[in-house]
Structure formats: C-alpha cells, structure tokens
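Here is the structure we will look at, set down as structure tokens.
The values are calculated or read from the model by the stated rules, or taken from the named source; none is laboratory data. In this text the structure is predicted, and so the values were computed from the model without any measurement. Neighbour counts are summed over all protein chains in view; Cβ atoms, including those assigned to glycine, are modelled from backbone coordinates with ideal geometry.
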Amino acid sequence: MAHGPLVAAEGVVAVSPEEYAQLREVYMAARELPDAQRADFVARACARDGALRANLDSLLRDDASAATFLDTPPLGRGLAAASITQNEVSPTRRARDSQRSTPDTNRYIGPFRILGVLGEGGMGIVYEAEQQRPRRRVALKVMRPQCWSAQAQRRFEHEAQVLRLLQHPGIVQVYEAGFAEVRGSALARRASTPAVVDSAPLRAPYFAMELVRGRTLTEHAAAVGLDIPERLRLMARVCDAVQHAHERGVVHRDLKPANILLSDETKNGATAENQVVPGPDRLAEGGAPGDVDRQPGKAGPPSGSPHRARLQPCADSSTRGFVDQPKILDFGVARITDSDVQITTMHTNVGQLIGTLAYMSPEQVAGDSRAIDLRSDVYSLGVILYELLTGRLPYDVRRASLSRAAQLIRHEPPRRPSSIDPMLRGDLETIVLLALEKDRARRYTSAGELARDLRRYLNHKPIAARPPTLLDRLRKLVARHRTVALLAGLLLICLIAATVARTLFGLDAQRRRDEADEARTRETPRAAKAEAAAPP
Amino acid sequence: MADRDVTRILQRVSGGNVSAVDELTSAVYAELRALAQAYLQRERPDHTLSATAVVHEAYLKLIDQSRSEYRDRRHFFAIAAQVMRRILVDHARARGSIKRGGRAERLMLSEGGAVLDDAGVDLVELDDTLVRLAQLNERQARIVELHFFGGLTLDEVADILGVSPRTVDAEWRMARWWLRRELSP
C-alpha cells in the first residue's frame, strides 16, 4: 500500500509524533474514567482540536468494541497462562504457597508449574506442567473461561471425582480437576461469554492428566502402515476402554482420532527421569507412510532404543517405542463442560468445529443433550473405525457448511465402505454400518458388543451383526424421502388396484373361457364315445 | 548449540554485555527457525501449535533453567519475539515473491493454510508499518512485537517490559487501532 502521510481510513488525519503523544495521553486518561464522565472529559480535552477529537473518538470506539485485529499471532496463540491467578479450587494449597515467592509465581495454574505448551484447540490449551505433590509431569488442560453458577461448580466437582476414579490402561488418567479464576484482558476477551467479562468472575476449568507423548491413532496407523487386522485390534482395544468407562457411567461424547493417542514409551520414559522437553522432532515427526517391513501384528516393543532416531525415514523410526495400547484422552470432559451441546454457539473456528462434528452422532448434532448416551460413543467409534479402514469420513462434511454437515449426519446414509475399498465388502462393512446406524436403538448396544464383533471377525468367527434386510433398507428409504415415498405409495396402490382389478376381471374371463373349454371337452368325449359305441 | 552455551550468552546479555545480544540472537534464531519451519510445514490444521509454544519450547530447550535467573528469562523472550518477527516476515516475503513472480506484494495469510489463518494481515506490510509506529511510540511497537509476533500474552509482555498489565492493555489497544487504520486499504 502507499504510505502516503495524509488521510487514512475513516477520514481521520494522520498524526505526527507530538500529536500521537498527545492523543495517547488523552486516551489513557479517558479510558480510566467512568462512562458518565468520559464524554465530558473528551469534549473539554479536545475543545480546540478537531483532529484530536476525531482520532480520540475513533480510538475509544475501537477500544469499546470487541475488536480482534491482530489478536491471533501468525502462528496462533495459546490461552494466557500468565493471566490466570492462583485463586482456584486447589487441594494442594501448601505446595502453592511455598512457591509464591519464587520469580516464576505467575507461571502457575493451581498447584501446577507451567513448563510449556503442548497444544491448543478450540476448547482451550494444553500445557506441560509439573505437579508438586506428588512430584510428576502432567498435561494440564485449561478450558476456556466462563461463568459458573454455584450449582454448576458443584456438579463439576462431582463429575471430576468420578473421572479421577476412572482407571484403565486405555484411558488417560485424570489426576485432578479444578477451577482457575481468570483476570486479565487477554484471556477474558477470549471467553465464550464476552458480554459478562466485566461483571462476573470467570472461571477456567482445568484438568491435570497423565502426560502421554506420542501420536494420534490415525497418524500412527498411517505412519506405520498398519494392515487391517492390526487396525482392528487397536480399535477393539479402544472399544474396551470405552466400555470400561461406560460401565462406570461415564460417556465420552467427543471421541475422535485426535483424542486417541498411542504412547511413545521411549519419550515418556525419558521424560520422567531427565528434564527432556519436546523437541522439534515432535513437530516434524510423522514418519514414512507406506510399506513397512516388520513383524506382522507387532507394533514394536515398548522399550529397546533409548533414542528415537530423529527424522530417519525408515519403518523403525515410526514403530519403535510405540506401545500398542491406545489411550483415550478427555473422557467425560465434554459432559462436565457440556461443550458438545454448546459447541455450535461458541466462537470456535469453523474448521475445527467441522472436525469435531464429523464424529458426532446424529442425536448430538441435533443438539438434544438428553438423547446422548453411551450409544453416541458407539456411533463415534463407528466413524473412527470407518476412517481407519477407508481413510475417509463416512460423510463428506469437510467442505460442507455447518447446517449441511448436520443434515448429512442426521439424514443421509453413509457412503458404503465397500464403495471405497471393495475388500471391505461383507462382515466388516456390516460391522461398520451397524455402529453408524442413525437410530441409536439399532446400533450396537455397547462398545463391548462392537469389540466382540471385531474380535469375532479377526478370529474368522461369525459376527453377531446382520446386514440390514431389504425390508430394513426400504423402511429407511421411506423415512428419508417421505413425500416421494407417499407419492410412490399412492402410485403403488393405484398399480396394485389396477392389477387386482385386471386380475379379477382377467380371472373372470379366464374362468368363463375355462368353462367354455370344459363344456367343449365334455361334449367331445361324449361324441367320441357315441361314435365308438355306434355299431359298425 | 549446546544448552549451556546459550544459557551463558543469556547471562552475559543480562549482565549488560551489548555484543552478546547479537550472539544470542543468532543462537536463538536457528532454533526458533527450525521450530517454526516444522510448524509452518505441517499440512494438516489439526495439529496446532502456537507461536507461544514455539517460543516457550525454544526457551525450555536452549536455556538451562537451573542456572538461569528470572531476568534472563525476560531478555530471552524479548529477543525471541524479535527473532520470530524476522522469521515470520521473511517467510511471508518469500512466499509472496514466489507467488508473485519476484514481487513482494500483498500476501493473504490464508495462503499458508490453516497455519496463517488470521484475518488476512499482510505480514510484510505490517512489519513496515510497525517500523513507523516505533517512530511514534517505541514501546507500543515493542508490545506489538512481543504480543503478536512473539505470541506472548499481554501479562507476560507487561512483565517483560516492567509495566502494569493495565498500561500494556491500553498501549496495545492504541497500537492496534493505529495499525489497523494504517493498514486499511
């Protein structure tokens, strides 16, 4: 653009350093004043300076608006760790107090010392942190702050207690959960309820969890080039873990490949001992997809090599150290925070939302939180299984608008897996499609059932699922296209009526013909007999 | 670059050794560049790592925490933000010149995929405009550098600059207002 000095946008005159300093001074003073006094102050301060007035008005307008210009840095931004104060629900108050005098005090969230950022998503940010007692590394997930009623807080604490008790090798262990109170504009501006930023305290729920370094299920499958039986075995283990949680009354509600991790033991082991932090290899990792020469059915021993060869594009570098026990992340978190129900009302990146939406069940997409139960998880498992087998999603929601995506999920039948890979025709397709039934009453009744069928398939035994009969398919077709079905039905009735009528008349005619024939044949033998009886 | 070296350079910077600043910058540059590159080259958007992550990660990697002091930390982040600015602007410029046959013209950030998914700010242009802001108000330009390019929170920025978060917030809003006005086509 031209850096012409004079008139910029909004017709405001550009300023010299002196004018800028003056504007700054008046602005700083004005924004400290209560609204009622501000107008008066501005009028007095700019009495003889129209340009100053115009600039100040524009600046104050901008200040008051929820402007987001430059809010997200080129590489994105995490939630502000430093703007979370220490007033939170914390069972380890002593540990915190002992740390208060150290210079890094403002890098604490609850009793956790922040060491770095592991990642972030629409719901919040995940830090690598150190818990004081017991002393261990944790993954600390801090959700977007919002207002919490006392009742909602009690419910949160109750649910958090349930999550702590959820212990299974396939579930990332939640150590602790609590609230961090939020101050500071950076974080508050990102709150999901911007209107209340100034009036009520915002609380950011946090979860301290087992720290798992590794990669997601789909990344792993692609990087190692797992074959179908290996993928199914992993998936059955995922189902086992889900079943374990379901038996304890916890529904995940946000199952997706990004929430299923395969731990890299070489990394996790090293971290516990030394002060090793994620290096660029974590960013660059991915391994070489495609063919891999390795022992079938083995995802690699959990230990063996202390260092993972960095950026070495051979099969070894992608399998070694990865244990074949998938771990599910964020169990119950969506329920605690109701995030899946709120999700459409939040200021999330639409791309991200679609990514989550793709794994949601029709009843979740419909936004009916009462209809969400463990069968919603079964559906999500179905989508993950579908993706693991075909490399695609059952519905092409990535490019669809939100409403279109929701419509696809709720009403359209999934693309048949065998249409993508003919090898999948048969039992495997039947299993996938049963998990993806739109009507939850028709799905597998539990994740355990799905796991059992996967294992039956792996062991070449007959599966429990039956492919839908012709009648089932017809029923679905009718449900999907009511109007068309109605017309078709009418047409069918007409046709039937016509056929029946024709048949009846036809029969009648036939009968008469038959009678006539019969009469004739009765005549003929008699005549013949008469002829035969006649004396020569 | 061994961790200890960078830690030592950082200590010299904190001690007021001006020539050590350049040394630190080049040491940090390589690391940040590697981290940022890895990040920028990721194709899929679901593996988000932020500037915050890159800068913090570089810090954790390069600096021996047990031997460095708090003021070292501040120096490190101040320099890291500067370096990030250079890396990102260079990256944008390179992309711009590839796409536009040698001319660094307007580059929409969305071209970088989900990584650069901000509201379509031209980083090269922003960089130039930031130089002019520095002539009007040095501190505001630094705040933009730390907050936008460095991915540091405003509270962290306040800490680094040694001013109150409230002041930083006001300065940031004014800087942003001015930049947007200047950058509007």
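Structure notes:
- Condition met for B:Val163 (surrounded by fewer than 18 Cβ atoms within 10 Å (Cβ to Cβ), of a type in the set (Val, Ile, Thr) and closer than 27 Å to A:Ala54 by Cβ): no
- Selection of the range A:223-260 for residues being in a helix (DSSP H, G or I) and of a type in the set (D, E, K, R) yields A:Glu230, A:Arg231, A:Arg233, A:Arg237, A:Asp240, A:Glu247.
- Filter result for A:Pro536 (more than 34 Å from the chain's Cα centre (by Cα) and either modelled with pLDDT of 85 or more or part of a loop (DSSP other than H, G, I, E, B) (or both)): yes
- Any hit, the range A:464-471, residues being closer than 20 Å to A:Ile228 by Cα, in contact with a helix residue (DSSP H, G or I) (Cβ under 9 Å, 6 or more places away or on another chain) and surrounded by 10 or more Cβ atoms within 10 Å (Cβ to Cβ): yes
- All positions within the range A:226-245 that are more than 29 Å from A:Ala177 (Cβ to Cβ) and at pLDDT 90 or above: A:Ile228, A:Pro229, A:Glu230, A:Arg231, A:Leu232, A:Arg233, A:Ala236
Residues checked against (1) among the small types (Gly, Ala, Ser); (2) at pLDDT below 80; (3) surrounded by fewer than 21 Cβ atoms within 10 Å (Cβ to Cβ):
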residue	(1), (2), (3)
A:Thr216	no, no, yes
A:Val224	no, no, no
A:Val251	no, no, yes
A:Asp254	no, no, no
A:Glu273	no, yes, yes
A:Gly287	yes, yes, no
A:Asp293	no, yes, yes
A:Ala299	yes, yes, no
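- Pair list, Cβ < 6 Å and 6+ apart or interchain, from the range B:147-159 residues that are more than 7 Å from chain A (Cβ to nearest Cβ) to residues that are surrounded by fewer than 24 Cβ atoms within 10 Å (Cβ to Cβ) and at pLDDT 85 or above: B:Ala158/B:Pro165
- Failed item, numbered, when A:Asp396 is tested on (1) assigned to a loop (DSSP other than H, G, I, E, B); (2) within 14 Å of the chain's Cα centre (by Cα): (2)
- Test: A:Ala43 is over 28 Å from B:Ala81 (Cβ atoms), at pLDDT 85 or above and in contact with a Gly (Cβ under 9 Å, 6 or more places away or on another chain): no
- Scanning the range A:30-44 for residues that are surrounded by 10 or more Cβ atoms within 10 Å (Cβ to Cβ) and either closer than 16 Å to A:Ser58 by Cα or more than 46 Å from the chain's Cα centre (by Cα) (or both) yields A:Ala30, A:Arg31, A:Gln37, A:Arg38, A:Ala39, A:Asp40, A:Phe41, A:Val42, A:Ala43.
- Scanning the range A:443-451 for residues that are among the basic types (Lys, Arg), surrounded by fewer than 16 Cβ atoms within 10 Å (Cβ to Cβ) and either in contact with a helix residue (DSSP H, G or I) (Cβ under 7 Å, 6 or more places away or on another chain) or in the same structural domain as A:Leu255 (by TED's automatic domain parsing) (or both) turns up nothing.
- Output for the range A:46-75, where each listed residue is outside any helix (DSSP H, G or I), within 14 Å of chain B (Cβ to nearest Cβ) and either loosely packed, with under 13 Cβ neighbours inside 10 Å or at pLDDT 85 or above (or both): A:Ser65, A:Ala66
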